[in-house]
Amino acid sequence: MMPDITIPYTPRPLQLKFHDERKRFCVMICHRRFGKTVAAINDLIRRAIRSGKRDWRAGYVAPFLKQAKAVAWDYLKYFAGVIPGARFHESELRCDLRSGQRLRLFGADNPEALRGMYFDDLVLDEPGDMPRAVWTTILRPTLADRLGSALFIGTPKGTGNLLHDVYQEALADPEHWSLFVFKASESGYLRPDELEAIRKSLLPDEYEQEFECSFAAAVRGAYYAAILDRMERDGRICPVSWEPALLVNTAWDLGVDDATAIWFFQIEPRGDWRIIDYYENSGEGLPHYAALLQAKPYNYGRHTAPHDIRVRELGTGKSRLEAARELGIRFDPCPNIPVVDGINAVRTKLPRMWFDAAKCAEGLKALRHYRKTWNPRSELFEKPLHDWTSHPADAMRYAVVGMREERGNENRQSQTVNKKPAAKR
């Protein structure tokens, strides 16, 4: 342990909140010019000074080594330069402290250079620009034997990347992860007139992404992404427990040659929905899904399926509605209303929902990406795009439209044969 040392750094209130409240794994989503690099470098320096570990090691990783040097090296030299005995090695972008602590900059563009190392602390700067495997197969194992910590900092670049992955993980596991989202409209770090000038110079989606920390902004034509963003801010995407006293309803998009998607949800007496589970698979028949229902501890209510489940198949002369009934699943076909009306019904209902961030992660990802097709000739958005997002999105639409028909009888005991008593937790 080093003696008391004063670093020439005075954190702003939100930076201080981050320093004081971060956990072993931490995600910090920041607007442009927030000062995330300065905060991250000083956090590493403080942890180095306070560390009691022998040969403490920290790595600051940017998408490219040149980028790490450009954004962080001067800060490291300036703030760590006041520590007696600190030495800087320009060729290796490394800072050695007198008590054996070492901080070094790296680039994710040469991930193999990180193999074989260990770290007590890591910072991943703009992980949205890094391959996932840099974290999952290379960096995460370097923390294992010494129970090292990791901090992810960046500005959103849409979904489907490492920054969004760890953001979702932090939402799902607040016990082990801390999550900070610092938006320009709330931080007060930039002058209002300057923010307004920037807003006028950018497209609305660009401004929302760069200064309001919106992951949804990059998904053009998305139906639900902005609503899900608000729900995340309101804390509605979080760990959601199964309540044994409430029936579990399901809503299905039944695929034959493609995916089948199932949402599991409970409806509280006051009308809020608890979306507690999600399942998707392909290439399986109804017996597989009947076994899935039996394996879960839920006491089931209503099972909602697409309206065309009544159609009889030429090969068997039997409808899937009848086949499911023989397996103990009594489906209620969803009313056949226009798709756009169903989408609007989901938009209206979503703000009353709570999603389990972990169990529903794949379904949420699909809902966030569900979007309209873009016609480059007319330069207009048109009908919903049919892709991998369609199945979970359709299943959610059937859930809302189907349960809407219940009119206050939403939690009735259904005709389901394979219901079972609710298991105790």
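Please treat every number below as a calculation from the coordinates, not as lab data. None of these values were measured; they are calculated from a predicted model. Cβ atoms come from the backbone with ideal geometry, glycine included; neighbour counts cover every protein chain shown.
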With respect to residue 262, determine if the residue is within 27 Å of the chain's Cα centre (by Cα), under 21 Å from residue 223 (Cα atoms) and crowded, with 19+ Cβ neighbours inside 10 Å.
yes
Which pairs do you get when a residue that is without any contact (Cβ under 8 Å) to a residue 24 or more places away in the chain, found in segment 75-103, comes within reach of a residue that is acidic (Asp, Glu) and part of a strand (DSSP E or B), reach meaning Cβ atoms under 6 angstrom, with the pair 6+ apart or on two chains?
87/96
Given the criteria among the charged types (D, E, K, R), in a helix (DSSP H, G or I) and out of contact with any Gly (no Cβ under 9 Å at 6 or more places or on another chain), does residue 208 qualify?
yes
Restricting the first residue to segment 268-279 and requiring it to be acidic (Asp, Glu), which pairs with a second residue that is in a loop (DSSP other than H, G, I, E, B) meet a Cβ separation below 6 Å and a spacing of at least six or different chains?
277/359
Can you tell me which residue within segment 311-360, out of those that are under 35 Å from the mean Cα position of the chain (by Cα) and among the polar types (S, T, N, Q), is surrounded by the most Cβ atoms within 10 Å (Cβ to Cβ)?
344
